[in-house]
Every structure is written in C-alpha cells, then in structure tokens.
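Asker: Take a look at the following structure, please.
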Amino acid sequence: GWDLREWQRHLDALYGEQNRSRGIENILNRSFKEISELLSIAMQVASATSTRSLEEIEEEYALELSDALAWALATANHLGIDLEAAFLARYGNGCRKCRQNPCHCTNFAMQPHRWHELL
C-alpha cells in the first residue's frame, strides 16, 4: 500500500508534464467536474426513479471519488505542495478547533451514510 505522497509522485510521473502544460485552470476545471459528478450521483440516488443497485451506486461513487482525489493530487503537484504533509498538519491532531478526536465542538453527524435506505 502506497501512502499519499507516493500516489502524488506516481500521478506526477504519469500526468504531471501534461497537466503543467495545460495549466492550473484546466486542473481545477477537471477537479470541479469530478465533484459535480459526485453531486449528480447523489441527486440520482435521491430520485425515486433510480433503478441502480446498491453495488452499482457504490462502485460509481468509488470511481468518481478516485478521480476527485487524483485531481486534488494533480493540483498539489502543480502548486508544489506536499499534500500528505499538508493534510497531516491540518487534520492529524484531531479537530482543528477543539483538538478532540472525535470532535466535540461541531453538531454535524459523522455517521456513515446508508445508501440502501435511499433506494
């Protein structure tokens, strides 16, 4: 299993030159496209007309999340940011506000979503 830094290096070797030649605007546009595809899946799942199975929905989410992560890594590569170090600095010590794990200062639910309940 690779860590995030290794994935960042791998994707930079695969696509970094192309991404740098196309510029940050292209990278961010692709990132937004992947996030919008996640929203599209959520809207389809919420629709009463969805005929996809739970497995199909989960697979589609997994693919789009993978794409979103790849473009986040591409953005970090373009900007020269070690995303693993930045992520650990921001989230590695519990909640950024209360420093607790789990967080005690927010009121949002951290429970896994049960997709089958929407079908």
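Asker: Is it possible to state the helix-based mean residue ellipticity at 222 nm for the chain, with each DSSP H run of 4+ residues giving -39500 (n - 2.57), the sum divided by total residues, to the nearest 500 deg cm²/dmol? What is it?
Answerer: -22000 deg cm²/dmol, from helical runs alone.
Asker: When the Debye formula is applied to the Cα atoms of the chain, each taken as the same point scatterer, what base-10 log of I(q)/I(0) results at q = 0.15 Å⁻¹?
Answerer: Relative scattering, expressed as log10 I(q)/I(0), comes to -0.91.
Asker: Could you check how much of the accessible area of region 1-54 is carbon and sulfur, as a whole percent, using a 1.4 Å probe?
Answerer: 57 percent
Asker: Roughly how many Å² is the accessible area per residue of the chain, as a whole number, for a 1.4 Å probe?
Answerer: For the chain, the per-residue accessible area is 74 Å².
Asker: Follow-up. Please sort 80-87, 92-99, 8-15 by packing, taking for each peptide the average over its residues of neighbouring beta carbons within 10 angstrom, highest first.
Answerer: 8-15, 80-87, 92-99
Asker: Compute the whole-percent fraction of alpha carbon pairs in region 1-71 spaced more than 13 Å apart.
Answerer: Beyond 13 Å sits 71 percent of the P(r) for region 1-71.
Asker: Can you order the peptides 60-68, 36-44 by their average number of other Cβ atoms within 10 Å per residue, highest first?
Answerer: Averaged packing, sorted descending, gives the order 60-68, 36-44.
Asker: Would you mind computing, in nm to one decimal, how far apart the modelled labels at residue 85 and residue 100 are, each placed 7 Å from Cα along Cα→Cβ?
Answerer: That separation, rounded to one decimal, is 3.2 nm.
Asker: What FRET efficiency, computed as 1/(1 + (r/R0)^6) with R0 = 25 Å and r the Cβ-Cβ distance, is obtained for residue 3 and residue 32, rounded to the nearest 0.05?
Answerer: 0.45
The values are calculated or read from the model by the stated rules, or taken from the named source; none is laboratory data. All of these numbers come straight from a predicted model, not from anything done at the bench. Glycine also receives a Cβ, built like all others from the backbone with ideal geometry; neighbour counts cover every protein chain displayed. Only protein heavy atoms, including side chains, enter the accessible area calculation; ligands, DNA and RNA are left aside. Shrake-Rupley method; radii C 1.70, N 1.55, O 1.52, S 1.80 Å.
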